[in-house]
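K.L.:
Mind having a look at this structure? Questions to follow.
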Amino acid sequence: QKSCRGAILLLMLIVIANPAACFAPMPAGGAMQPARAVSSRTLRLNARGVHGGLHMVASDVTDADFKKIVIDSAVPTLVSFWAPWCGPCRMIKPVLEQVQEEYAGKLNLVQMNTDENQGTATEYGIRSIPTLMLFKNGERVDTIIGAVPKTTLESKLAQKL
């Protein structure tokens, strides 16, 4: 019973010290390994996985260039607020890739890592990720919180574009 409590306590300490470890796959040996951080530059929006096809990359946007890339854009822009450790953010990537492909030329898709760009995330009240915000003519016209199905995202875009 003491060893069980000790194992639980150790697990709690690991989760508190490194929340990303919760998303790391458990190796065959059973020892926990911390998850490898993924930079925003390497985030790929790929609906086809490893089976081939186009690998589309959403443009990165930062606090410094948010106004230029999003607010001043002549084309409506969908901003994905995300973080590398966020499981639901990874779940919605294939949906975003499909939307990017289907709305090419009519919609820009950009992503902002909220861990690295807290100023803009705070300004727009991002409290949960993934959060998608649609900007048109320099104004925020819609917000979607959470990993939503493609049909939900498409209906929102159809209403606003």
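K.L.:
Would you confirm, using the coordinates I've provided, whether Glu97 is outside any helix (DSSP H, G or I) and either more than 23 Å from Thr151 (Cα to Cα) or modelled with pLDDT under 95 (or both)? Can you show your working first?
P.N.:
Values: outside any helix (DSSP H, G or I): no; either more than 23 Å from Thr151 (Cα to Cα) or modelled with pLDDT under 95 (or both): yes.
The answer is no for Glu97.
K.L.:
If I ask for residues that are within 13 Å of Thr131 (Cα to Cα), among the hydrophobic types (A, V, I, L, M, F, W, C) and crowded, with 17+ Cβ neighbours inside 10 Å, which ones from the stretch 58-92 would you list?
P.N.:
Selection gives Leu78, Val79, Phe81, Trp82, Ala83, Cys86, Cys89, Ile92.
K.L.:
Also, quick follow-up: Quick check, is Val95 buried (at least 17 other Cβ atoms within 10 Å of the Cβ) and under 17 Å from Lys156 (Cα atoms)? Show your work before the answer.
P.N.:
Details: buried (at least 17 other Cβ atoms within 10 Å of the Cβ): yes; under 17 Å from Lys156 (Cα atoms): yes.
Considered against the rule, which asks whether it is buried (at least 17 other Cβ atoms within 10 Å of the Cβ) and under 17 Å from Lys156 (Cα atoms), Val95 comes out as yes.
K.L.:
Filter the stretch 123-161 for residues that are part of a strand (DSSP E or B) and of a type in the set (Ser, Thr, Tyr); which is farthest from Thr77 (Cα to Cα)?
P.N.:
The qualifying residue farthest from Thr77 (Cα to Cα) is Thr131.
K.L.:
Mind checking which residues of the stretch 81-94 are farther than 16 Å from Ile145 by Cβ and either hydrophobic (A, V, I, L, M, F, W, C) or modelled with pLDDT of 95 or more (or both)?
P.N.:
Answer for the stretch 81-94, where residues must be farther than 16 Å from Ile145 by Cβ and either hydrophobic (A, V, I, L, M, F, W, C) or modelled with pLDDT of 95 or more (or both): just Trp85.
The values are calculated or read from the model by the stated rules, or taken from the named source; none is laboratory data. These numbers were taken from a predicted model, which means no experiment stands behind them. In this analysis, Cβ positions are derived from the backbone assuming ideal geometry, glycine residues included, and neighbour counts consider all displayed protein chains.
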